[in-house]
Amino acid sequence: MKFFIDTANIEEIKKGIEMGLVDGVTTNPTLLAKEKKDPNLIIKEIMSIVSGPVSLEVISKDTEGMCREARALSSLGENAVIKIPMTEDGIKAVRILSNEGIKTNVTLVFQPLQALIAAKAGATYVSPFIGRLDDISSRGMGIIEDITTIFNNYGFETEIIVASIRNPLHVLDAALLGADIATIPFNVLKQLITHPLTDMGIEKFLKDWESIKK
Ligand code: G3P
C-alpha cells in the first residue's frame, strides 16, 4: 500500500519524507490557496523535492483548456500527474491525455460508476473522496469496496487513491480493503504512528531503568 501526502505545505512534505512515509503527493487548488504563496513556485518546489507521483490539478472547465494546462504541468517533471475533475469534459480530456502518455488522476469521484468511466477513459488513478461522503451520512468506504470489485472484475490497471481522509480509521479501512493508495493529511499521518500505551510503556521502562542505575 502506498501512502501519498495530501498537502501543498513544503514543511509537511519534507517531514513526511524524513519519516519515509511519502510515496507521492496530492495537491488541489484549496490546499495551494491555504499556503498563501505563488502556487507556481510551490508546485516547482514540490516537484524538486519529491521523486514519486505528484498530482497537480487543472482549473479549466473545458476539455481544450484542461489539455493545455495538463501539457504545461506535465512538462514540470516525469512524475507529474494531472488531476482532472470527473465531468464530461474531464473524461474527454483524460482520453486525449492518456493517448499522449500523460498520467491522470480523476478527482471528485463520489460513486463507483464514475470510477468505472474514468478507468475506461484510461485514467492512471481515480480519487474517491470518502470523508466528504461520510460528512453527508453516506458510507464513504462503501464506494472503495465497489470500485475495487469493479476494477478487479475487468482487470483495469487504474489505481485507487483513497482521498478526503479525515482520521486513522479511514486509513485502516482502506488497508483492509486492499486499496492501492491512501492520500493522507499530515496530521493523520502522524496519528498513524502513535498510541498512548506506547508512550506509557516507554515512560515506565525509562523510570524502571533509572531506579536500577548506579
Ligand atoms: O486531495 C483531495 C482530497 O483529499 C480533499 O480532502 O478533506 O478537502 O475533503 P477534503
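Here are some notes:
- Overall Cα dimensions of region 37-167 - principal axes, largest extent first, Å: 37, 33, 27
- Residue pairs exceeding 20 angstrom between C-alpha atoms, taken from 34/83; 2/36; 36/190; 83/120; 14/37: 2/36; 36/190.
- Helix 140-154 and the long axis of the chain differ in direction by around 60°, with both axes built from C-alpha atoms.
- Calculated mean residue ellipticity, 222 nm, the chain: -15500 deg cm²/dmol, from DSSP H runs (n ≥ 4) at -39500 (n - 2.57) each, averaged per residue and rounded to 500.
- Choice from 37, 83, 204 with maximal GNM fluctuation in the chain (Cα, 10 Å cutoff): 204
- Positive-end ranking of 98, 46, 172 along the dipole of the chain, with charges on Cβ about the Cα centre, is headed by 46.
- Region 114-214: proportion of alpha-carbon pairs further apart than 16 angstrom, %: 63
- Given charges at beta-carbon only (K, R positive; D, E negative), |dipole| of the chain in Debye: 320
- When the alpha carbon gyration tensor of region 109-167 is reduced to an equivalent ellipsoid, the three semi-axes, largest first, read 20, 11, 9 Å.
Only the coordinates and a few stated rules stand behind these numbers; no lab work does. Everything quoted here is computed from the prediction, not taken from an experiment. Please note: Cβ atoms are built from the backbone with ideal geometry, for glycine as well, and neighbour counts cover all protein chains shown.
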